[in-house]
Structures are given as structure tokens and as C-alpha cells.
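Here's the structure we're looking at; comments come further down.
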Amino acid sequence: MRVTAGRSCPTLVPLVIVLSMAVSHVTALAALAVNRMVYVTITDPKGGPVTDLTPADLKVKEGGKDREIVKAKPAKARPHIALLVEERLAPDPSTRVGLFEFVKRINGTAEMSLITVGLRNTTVVPYVTSPPNTWSPTPSPMG
């Protein structure tokens, strides 16, 4: 799904866009309308929030088709972000620094969880708003 705004905006104010999509059935009955929510973050060139957007300012495409935007409003709930890391990459310094910098930038604005993915998924840190003090960009002696 691709979301674009009518203004130049690099990207972070959570905004909820409710889309209305028609789902056609094989039968000749009327199409059923389905609403979906899409969370986007839009900032001005200085990084400040853009709060006066209307559906006319946004465009959403799914599968190459334009979708109707029913409404756009500021999100009230914090986003939940699950950081999934391949367990073999978890000790890699560049991977750790990248994750650490991302977590620092998002700190306090979303609930985050850290999960390693390998033979089985392991939740290393459950959903938290602030990362534990033990999160570090450098590997610990224990790995």
C-alpha cells in the first residue's frame, strides 16, 4: 500500500486514514464496503507536525488502484512496533547500532517490542514505552 501527501513531507504525527474499498463478490449482489485504517506520519520540512490535513490532501494506492479516503484524523492511540531481528544478526555491531538509533528516535512515542527470529521466535523485550536501560548499541559479554 502506498500513501502520498499533497505536500512535501519527509516523514513523523500519527494520522489515521480510513479507506473505503469495495469488495466484489462472484454473485451479482451489491458490493460490500470495507473500511481499513492506515497509520501514517507526516511532518513539515523542519520536522514539525502537519495537523491540518484533509482527505483531499492525501492519496492512497493499493495494488496500483486509487482508494477513496473517507476521513483523516490525528491518531489517539500509540502505535505498537515489533522489532524483529534475525537471531544470527543480533550480535552484529551494525545491526545493534541501527536498532539502538531507531529505538532512541521512537522512544516514548510508541510501544515497542524486541523479538529475535530464528528456529523459534523469542520475545526479548515485551511491549514497553521506554526501552530498558540495558539496551545498548554494543554487544554485552553474554552476547
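The values are calculated or read from the model by the stated rules, or taken from the named source; none is laboratory data. Being a predicted model, the structure only gives us computed values, none of them experimental. Here the Cβ is made from the backbone with ideal geometry for all residues, glycine too, and neighbour counts use every protein chain on show.
If a residue must be surrounded by 12 or more Cβ atoms within 10 Å (Cβ to Cβ) and of a type in the set (Lys, Arg), how many such residues does the stretch 40-72 contain? Step through it out loud before you land on a result.
To start, the set of residues in the stretch 40-72 that are surrounded by 12 or more Cβ atoms within 10 Å (Cβ to Cβ) comprises 40-44, 49-50, 53, 55, 57-62, 67-72.
Checking the rest, the ones that are also of a type in the set (Lys, Arg) come to 59, 61, 67, 71.
Of the residues in that region, 4 qualify.
What strands (runs of 3 or more DSSP E) completely inside the stretch 58-143 contain at least 3 residues that are at pLDDT 80 or above and within 30 Å of Val34 (Cβ to Cβ)? Outline the logic, then answer.
Working: elements: 58-62, 65-74, 80-86, 111-117, 122-128.
The strands (runs of 3 or more DSSP E) meeting that bar are 58-62, 65-74, 80-86, 111-117.
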